[in-house]
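Each reported figure results from applying straightforward, stated rules to the coordinates on display, with no laboratory input. Remember, it's a predicted structure, so these values are computed and weren't measured experimentally. All Cβ positions, glycine included, derive from the backbone under ideal geometry; neighbour counts span all protein chains shown.
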Amino acid sequence: MRLKHLSNGSIEFDENLQVINEFADSWNAERTAYVMELAYAIAIPNPEKLNKHYEVSTDETYGEIRLHQLEKLLEHVKLTKSSIFLDIGSGVGQTTIYMALRKKFKKCYGIEISTLPIIMSTVLEEVTKRVFKLLGINTNFYSLKEGDCMDLQFVPIIRECDVIFINDMKFTPELREKITEMLVARMKDGATVITSGGALGLENRRRINVRNINNLKAYFETVKVKGEIDGVSWTSKPAEFWINKLNRKRVQAFKSHGNY
Ligand SMILES: C[S@@+](CC[C@H](N)C(=O)[O-])C[C@H]1O[C@@H](n2cnc3c(N)ncnc32)[C@H](O)[C@@H]1O
């Protein structure tokens, strides 16, 4: 920030002040999204194939979050220089690569189960590498993995993540419950899960009580966020998202002291 706030309330532009924003060396969101969209258009000229590839309303139904929407959602999460990001069901990998390019996270991962997006993600990765090289820009570490997020091979990644994004709006309730249980067991306390399919936890600062203590929802503190218009590919209306913070300690405290 080059603006100096003076004691008399006025603001002065300080030419000598260092830019102290920790992400100052990264591109701004608009430029980064433009580069990403360009690479996407070259690598995946027929994205509608993704929508047609699967039967409607299965766990693998495709749909994408817009990059500016994801950017907005992250404003609700406290990040540090060592924060780690994971997209569960990363599709063609554009959110993971974009996040690595934005350098908001030390490391970014994506895990995807379906074959067609996996193939497309390989092409997208190759194209982005070339485009970034051409423009002289680099990314932080990222890795796109193929497989089921429930698989034991992904435990170390899930354990180290600070922010997990799941575009789970079209997931079945059974899959959502299975993933939630897996996250409660494997994720670190205090980590955040952003979902599009509903709340993982208790909303509106609801407290734990004898009625909800045995519910999976007791493990998360959830805030609902209204999305932007055109924030996702499946509707031009504002979508909804939930920011869910894992808080195992409050369940443990209630179980041992009967209050929280
Ligand atoms: C709606 S798409 C989201 C794509 C991307 N994350 C985005 O928001 O732009 C959901 C993706 O989750 C994947 N998926 C479903 N079940 C999964 C599982 N158990 N493990 C990993 N990926 C899964 C689907 O194949 C699909 O590509």
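Quick notes on this one:
- Debye, to nearest 20: dipole size of the chain, +1 on Lys, Arg Cβ, -1 on Asp, Glu Cβ: 1000 debye
- Long pairs among Lys103/Lys178; Lys78/Lys133; Lys103/Lys129, criterion Cα-Cα beyond 23 Å: Lys103/Lys178; Lys78/Lys133
- Tensor-based shape of the chain (alpha-carbon gyration tensor, a/c under 1.5 rounded, otherwise prolate or oblate): oblate
- Full extension of the chain between Ser256 and Asn140 gives 37.5 nm of extra length, using 0.36 nm per residue less the Cα-Cα distance.
- The local environment of Asp189, defined by Cβ-Cβ distances under 14 Å, has a net charge of +4 under the rule Lys, Arg +1 and Asp, Glu -1.
- Cross-link partners of Lys237 among aspartates and glutamates (Cα-Cα below 20 Å; sequence separation of 8 or more within a chain): Glu48, Glu64, Glu71, Asp168, Glu228
- When each of the peptides 189-197, 79-87 is scored by the mean number of other C-beta atoms lying within 10 Å of its residues, the order from highest to lowest reads 189-197, 79-87.
- Unsatisfied cross-links (Cα-Cα over 18 Å) in the set Lys52/Lys170; Lys107/Lys145; Lys52/Lys226; Lys217/Lys245: Lys52/Lys226
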